[in-house]
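Asks: Before we start, here is the structure in question, set down as structure tokens.
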Amino acid sequence: MKRLALLICLLAATVVFAQQPINVTNIGGTAVSTGNGTTNAGDIRVNIASDNTAFQVKVTGNAGAAFDAAQGAAAPANVIQEGGVFNTVLPTIGAGDLSAIQLDPKGQQFMDLNYVNGAAIVLGNGTNAGAIRVTIASDNTAFPVNATLQTGANTVGKFDLLGNAGAIMDFAGQNAASPANALLIGGQFNTSPTTITSGNVSPFQLDSSGKLLVNCTGCSAGSTVSLIPATTGGLTFSHLITAATNNATSLKATAGQVYGACVYNNTTYPVFLKFYNKASAPTPGTDTIVFNVPAQAGTERCFQTEEGAAFATGIAYAVTKGITDADNTSVALSDASIDIVYK
């Protein structure tokens, strides 16, 4: 009996510890394949561990082509592309749930903006950090953005023009308090203003003290010009009671203008106040007369102009008895009173 038990133990030990060599030649009734190559019915299916580092696993498309894309290269035959789904009614997703990317009927992805630069977006009019800044195209025709309004029924709403400090710049009305950032019209001072050609623009011209220069050439008779009295810069007066000579006088030795002249004749014959464009005392009968102011016996005669009579060289005059330009006949003492206004 003891011998039988010992025999059974020896047989058990042989079954447990002995390993029989196996040479696999067929799998599923098909001869096995070895080496690299495409799969066939004789290959054993295995699972590759998720932490595998021994070799690279390549993913290919159904047709066997690689479908990983390189930047800036031609798209491979079976490139992986993202897709989405169109739903007429968008699904409501709970926290932590997944969902397919939502598309519109044309396959374009829906975008729902919730934040801009970290701030929640705002709707409607107003200013806020969550408002997206946009640039209006220079060839925009949808609405006017300059001073030229489109024809038709287009309506432009009110634009509030604000200064750098954010305050309004438009005036409330005549004689109202000036706003903090009022728009003011300025000008430019030039010692020699440029001659402007037709169609060109220029800033308003100012004098050196900031006063607006105005050219009133061609003003009509109905034009109104208000003169402000000043204590300096006015016209110069000259007064003379004639001597018993031709009274040749240099009134101004440089260019100037005569604005008025009066002659009172205190004798029984005519007298003539003759002007010369000369920088020194004239020589009556030789020098050229510019114009003269005659006065009959016992009368007064005046000449006056608002524009001024120009003398390019100087202002000179003489008083004689004769009417001709060549006359140089002296008057008697106190024959006339001469008053001249010039600049």
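Taken together, the values in this text are just the output of simple stated rules run on the coordinates, not laboratory data. Remember, it's a predicted structure, so these values are computed and weren't measured experimentally.
Asks: Non-local amide H neighbours of residue 116 (under 5 Å, H modeled in plane, Pro and chain starts lacking H): which ones?
Replies: Residues meeting the criterion, in which the H sits 1.01 Å from N, are 121.
Asks: Once fully extended, how much extra length lies between residue 254 and residue 137, figured as 0.36 nm per residue of separation less the alpha-carbon to alpha-carbon distance? Walk me through the intermediate numbers first.
Replies: On the way: separation 117, 0.36 × 117 = 42.12 nm, distance 6.21 nm.
Full-extension gain reported as 35.9 nm.
Asks: Further, regarding this structure: Roughly speaking, what is the stretch gain from residue 116 to residue 30, that is 0.36 nm per residue apart minus the C-alpha to C-alpha distance, in nm to one decimal? Don't jump to the answer; show the numbers that get you there.
Replies: On the way: separation 86, 0.36 × 86 = 30.96 nm, distance 6.38 nm.
Gain on extension, residue 116 to residue 30, equals 24.6 nm.
Asks: What pairs in 211/252; 252/343; 278/343; 252/274; 252/278 have C-alpha atoms more than 18 Å from each other? Spell out each step's value before the answer.
Replies: Working: 211/252 29 Å; 252/343 9 Å; 278/343 15 Å; 252/274 15 Å; 252/278 9 Å.
Among 211/252; 252/343; 278/343; 252/274; 252/278, the Cα-Cα distance tops 18 Å for 211/252.
Asks: List the relative contact order of the stretch 239-342 as a percent without decimals, with contacts defined as Cα pairs under 8 Å and 6+ residues apart.
Replies: Values: 308 pairs, mean separation 49.2, N = 104.
Averaging sequence separation for qualifying contacts and normalising by length gives 47 percent for the stretch 239-342.
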